[in-house]
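Written below as structure tokens is the structure these notes are about.
The values are calculated or read from the model by the stated rules, or taken from the named source; none is laboratory data. On a predicted model such as this, the values are computed, not experimentally measured, just so you know. Cβ placement follows ideal geometry from the backbone for every residue including glycine, while neighbour counts extend to all protein chains displayed.
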Amino acid sequence: MTRFVLIGAPIALVVSVVLGGGDGDERPIEDLAQSEVENPLKTGDRKKEKALKDEIASMPAGLAAPDKKELAARLIASADNSTLDWRGQYDDIEDLGDGNGYTAGVIGFCSGTNDMLQLVEHYTAEHPGNPLAPFLPALREVDGSDSHEGLDPGFTEAWKKASKLPEFRAAQDEIRDRIYFDPAVDLAKMDGLSTLGQFVYYDAMVLHGPGLSSDGFYGIRHAALKAVKTPSEGGDEKKYLDAFLDASREIMKNARSERERDTSRIDTAQREFLRAGNTELRLPLVWRTYGESFRVERL
């Protein structure tokens, strides 16, 4: 898995900028700093935040339903780890040579893209004596780079040791949801997208990172909005998702390695679901990623 943009320390992003297509008086997304990003529910106005949360809570569960969330985890794992066994990835750690440093865990937290640092800081705050705590100073130093300085030797062994503990696996799930799943699904619901559309957002958030640049999630969404309105704005979902997938695919084609340039997670998975009209991700589900075939009959 490759995340092409850094994840900045999250702060609030103005909802009107995230949700709108740029036709009003909002600042263009290109003018925002990465540090202004968190998720579409953070407005700084508690009443508005509560109203948005209540609105989302009143919507169908979609990808957040337990069975669909399980399916989403399997789809992500098939692309990132060539397996449906996503629970077997908690202790996985390696440097993929993609410029992101160590990639590890259930969603591919990276030492170079801030999410691994957020995870270890969060876990250490609750469990100070954990095996990863001694590496926090080094993680802060290498954040934003592919360096292993201060992490070798010992970090990979510490990660594997920590991953045997249920509380660290729970922490991985929690930070995955906080950084990737919840913001993607919430925004997709506000954009009027189906369960499939919610997964498209989630996969793009994981793959590209929640960045504002042209190769980050919000930049990709912004490019799609220039071409097609979201369903919540009166647009056609299929046309909008096609535009979003086109923008995401274009970023992948310009990646540094051959595997990163492989767009099958779109071409022979998400795009095929969309063409089949399977907007609710009904089972059985069959797809191909990176030359391998996968099938889910039941959950």
Given (1) out of contact with any Leu (no Cβ under 6 Å at 6 or more places or on another chain); (2) surrounded by 24 or more Cβ atoms within 10 Å (Cβ to Cβ), where does His122 come up short, assuming only one miss? (2)
Being without any contact (Cβ under 8 Å) to a residue 60 or more places away in the chain, touching a helix residue (DSSP H, G or I) at 6+ places or on another chain (Cβ under 8 Å) and aromatic (Phe, Trp, Tyr): is that true of Tyr201 here? yes
Listed residues Asp80, Asp91; which is acidic (Asp, Glu), surrounded by 19 or more Cβ atoms within 10 Å (Cβ to Cβ) and modelled with pLDDT of 60 or more? Asp80
If we ask which residues in the range 142-176 are farther than 12 Å from Gly105 by Cα and aromatic (Phe, Trp, Tyr), their number turns out to be 1
Any residue at all in the range 96-106 that's at pLDDT 95 or above and surrounded by fewer than 15 Cβ atoms within 10 Å (Cβ to Cβ)? no
Scan the range 49-65 for residues that are in a helix (DSSP H, G or I) and over 18 Å from the mean Cα position of the chain (by Cα) and jot them down. Glu49, Lys50, Ala51, Leu52, Lys53, Asp54, Glu55, Ile56, Ala57
